[in-house]
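Peer 1: The structure's right below; bear with me while I get my questions together.
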């Protein structure tokens, strides 16, 4: 029993013993005790309810804290994923733009090739030359027999006429470089001739063709000459017909810089050489 009620009972007992209380006073005191006991029970109930509410509020707070923490983690993760997605989207757009540009360049290159073929159509049909695509480059192939006498590098009149027609087409292609390449079969030259070997013969033929193209209006800065001797045959040198096909001069339409692959990623400091420890 609570100390307050014990003191009250004691006071009532003393009063009753001293004064001899009446039955009515006793009942009044008893009612007062009962009322106080009811108030105490009410207070205890409220206390229990408050404790329960406090426990529930603490649980809710913990749940809310966990949710906020999880939400913060989710937001951070979403931000990270969003940034990665944005970078991927930008990379995709950049690659798409590069592909469109490459496709446009390819279409322009194809249009140039088609125009050249049409301009060479008459000479192709007459057998004076043929046009091939080798390693994605247009190659104008002229038989050496039309341009030169056997074993010689001086242009024949008929060869000069063919080259004049070729030069007329090349002059209409702006900002293009042309490589004139001489080729021979695998038959070695006889000793004592003007040229020591097929290297010298193929190189001299390429130089003379380049000079003639320059004289007929093709800019010299767009011309180059090379001799390949017998080392780049068009067909195997296994018959007279094939050897004749390998004796040729090619005019290669070189790609522009924007048609070449981007190698800028290779432009960096050289890797440190690996050192091997001394034994």
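The values are calculated or read from the model by the stated rules, or taken from the named source; none is laboratory data. Predicted model only: the values in this text are computed from it and were never measured. A quick note on method: Cβ atoms are made from the backbone with ideal geometry, for glycine too, and the neighbour counts reach across all protein chains shown.
Peer 1: Any idea which of 96, 46 is assigned to a helix (DSSP H, G or I), at pLDDT 75 or above, farther than 30 Å from residue 132 by Cα and within 19 Å of the chain's Cα centre (by Cα)? Steps first, answer last, please.
Peer 2: Working: 46 fails: within 19 Å of the chain's Cα centre (by Cα).
Among 96, 46, only 96 is assigned to a helix (DSSP H, G or I), at pLDDT 75 or above, farther than 30 Å from residue 132 by Cα and within 19 Å of the chain's Cα centre (by Cα).
Peer 1: Identify, please: which residue in the range 167-195 is over 42 Å from the mean Cα position of the chain (by Cα) and either closer than 17 Å to residue 154 by Cβ or not assigned by TED's automatic domain parsing to the domain that holds residue 236 (or both) and is, among those, modelled with the highest pLDDT?
Peer 2: Result: 184.
Peer 1: Mind checking which residues of the range 234-254 are part of a loop (DSSP other than H, G, I, E, B) and surrounded by fewer than 21 Cβ atoms within 10 Å (Cβ to Cβ)?
Peer 2: So in the range 234-254, the residues part of a loop (DSSP other than H, G, I, E, B) come out as 234-239, 247, 254.
The answer is 234, 235, 236, 237, 238, 239, 254.
Peer 1: Out of (1) without any contact (Cβ under 8 Å) to a residue 40 or more places away in the chain; (2) part of a helix (DSSP H, G or I); (3) surrounded by 11 or more Cβ atoms within 10 Å (Cβ to Cβ), the odd one out for residue 128 is which?
Peer 2: Evaluating residue 128 over (1) without any contact (Cβ under 8 Å) to a residue 40 or more places away in the chain; (2) part of a helix (DSSP H, G or I); (3) surrounded by 11 or more Cβ atoms within 10 Å (Cβ to Cβ) leaves (2) as the failure.
Peer 1: Is it true that some residue in the range 140-149 is under 26 Å from residue 105 (Cβ atoms) and touching a residue at least 12 places away in the same chain (Cβ under 8 Å)?
Peer 2: Yes, the range 140-149 contains a residue that is under 26 Å from residue 105 (Cβ atoms) and touching a residue at least 12 places away in the same chain (Cβ under 8 Å).
Peer 1: Shifting gears a bit: State which residue is surrounded by the fewest Cβ atoms within 10 Å (Cβ to Cβ) when the search covers only the range 195-229 and only residues that are touching a residue at least 40 places away in the same chain (Cβ under 8 Å) and assigned to a loop (DSSP other than H, G, I, E, B).
Peer 2: 217
Peer 1: Using beta carbons and a limit of 7 Å, which pairs, at least six apart or on different chains, have the first residue in the range 163-190 and without any contact (Cβ under 8 Å) to a residue 24 or more places away in the chain and the second one surrounded by fewer than 18 Cβ atoms within 10 Å (Cβ to Cβ) and not in a strand (DSSP E or B)?
Peer 2: Listed pairs, sorted by first residue: 188/197.
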